[in-house]
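For reference, the structure is listed below as structure tokens.
The values are calculated or read from the model by the stated rules, or taken from the named source; none is laboratory data. Just so we're clear, the structure is a prediction, and the values are computed from it rather than from any experiment. FYI the Cβ positions are ideal-geometry reconstructions off the backbone, even for glycines, and counts take in every protein chain you see.
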Amino acid sequence: MKKYWRTTVMKKLLIIKTGSSDQAVINNCGDCDVRIARCIGLLDENIDVISVYKNTVPILSDDVAGVIITGSPAMVTNLEPWGVATSQWLKQVIEKNIPILGICFGHQLLAHIFGGSVDYHELGEEKGEVEISLTEAGKKDALLGVLPERFSAYASHLQTVTRLPQNAVVLAQNDFESTHALRFKKNVWGVQFHPECIGDIFCSTKEHQTYGRILLKRFYELAINN
């Protein structure tokens, strides 16, 4: 009797890279895409990285399980041509119900795509380790609900979501930032904080760094099981 072996193809995570970290951080810890992959524990073969800020056009292949949009030095209020093109491409991804997670700039870009408003924060910059609390909706959310009610995270942003898109749900906040995490629709989330790093050196081994890892791993789990 012949035996037939089923080959399982591991679906990939597509990282939409919208900018690069400071060179000192890259030298010490790797760029944002490297840190995201390290947090999740993925090999290079399970990740595709598209540097859209270099005017590279993303291609959505059938083996993509989910999309993560990184942070960026760019501002949503002054979208460059690559930002406009990426927004149009993301609209197509959203229509296909592929899970998406936006981080910092990516979070704000999703808010813009869904019809919300983004502008400079009236209190200026939020930077460094911050305490964030889940809302009641956040505690029940498929993604954010894996975190404790209060957790530490790293934030670094000048702009913020000033007007929520229709049907967006606030999942996490603090006294400075009222929209630290949003669910825009089923399987589409944004976080203003950076789950891929913690502390000023981005490579801390402090225990609460695991909160970011937990979040990113949970997103990938939801994506591959979608």
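Of the residues screened, GLY83 is not one that is more than 17 Å from LEU222 (Cβ to Cβ), touching a residue at least 24 places away in the same chain (Cβ under 8 Å) and in contact with a Pro (Cβ under 9 Å, 6 or more places away or on another chain).
Would you call GLN23 over 24 Å from LYS186 (Cβ atoms), polar (S, T, N, Q) and surrounded by fewer than 17 Cβ atoms within 10 Å (Cβ to Cβ)? Let's see the steps before the verdict.
Numbers: over 24 Å from LYS186 (Cβ atoms): yes; polar (S, T, N, Q): yes; surrounded by fewer than 17 Cβ atoms within 10 Å (Cβ to Cβ): yes.
Judged against the criteria, GLN23 is a match.
Give me the strands (runs of 3 or more DSSP E) completely within segment 109-176, filtered to those with at least 1 residues that are modelled with pLDDT under 95 and among the small types (Gly, Ala, Ser), ordered by residue number.
Details: elements: 117-120, 126-134, 150-157, 159-163, 169-173.
In segment 109-176, 126-134, 150-157 are the strands (runs of 3 or more DSSP E) which contain 1 or more residues that are modelled with pLDDT under 95 and among the small types (Gly, Ala, Ser).
Of everything in segment 192-205 that's within 24 Å of GLU125 (Cα to Cα) and at pLDDT below 90, which residue is surrounded by the fewest Cβ atoms within 10 Å (Cβ to Cβ)? Restricting to residues being within 24 Å of GLU125 (Cα to Cα) and at pLDDT below 90, the top hit is ILE201. Residues in segment 133-161 that are hydrophobic (A, V, I, L, M, F, W, C), out of contact with any Gly (no Cβ under 8 Å at 6 or more places or on another chain) and surrounded by fewer than 18 Cβ atoms within 10 Å (Cβ to Cβ): ALA137, ALA142, VAL146. Collect the residues in segment 177-186 that are assigned to a loop (DSSP other than H, G, I, E, B) and closer than 22 Å to VAL67 by Cβ, keeping them in residue-number order. If the condition is that a residue be assigned to a loop (DSSP other than H, G, I, E, B) and closer than 22 Å to VAL67 by Cβ, then THR179, HIS180, LYS186 are the ones that fit. Please tell me if CYS104 is among the hydrophobic types (A, V, I, L, M, F, W, C), buried (at least 17 other Cβ atoms within 10 Å of the Cβ) and modelled with pLDDT under 95. When the stated conditions are applied, CYS104 does not pass them.
Taking GLN88 as the residue in question, decide whether it is exposed (fewer than 15 other Cβ atoms within 10 Å of the Cβ), part of a helix (DSSP H, G or I) and at pLDDT 95 or above.
Details: exposed (fewer than 15 other Cβ atoms within 10 Å of the Cβ): yes; part of a helix (DSSP H, G or I): yes; at pLDDT 95 or above: yes.
Yes; evaluated as a whole, the condition is true for this residue.
Checking ILE36, ILE98, ILE50, ILE68 one by one, the residue that is within 15 Å of the chain's Cα centre (by Cα), in a loop (DSSP other than H, G, I, E, B) and crowded, with 18+ Cβ neighbours inside 10 Å is ILE98 and no other.
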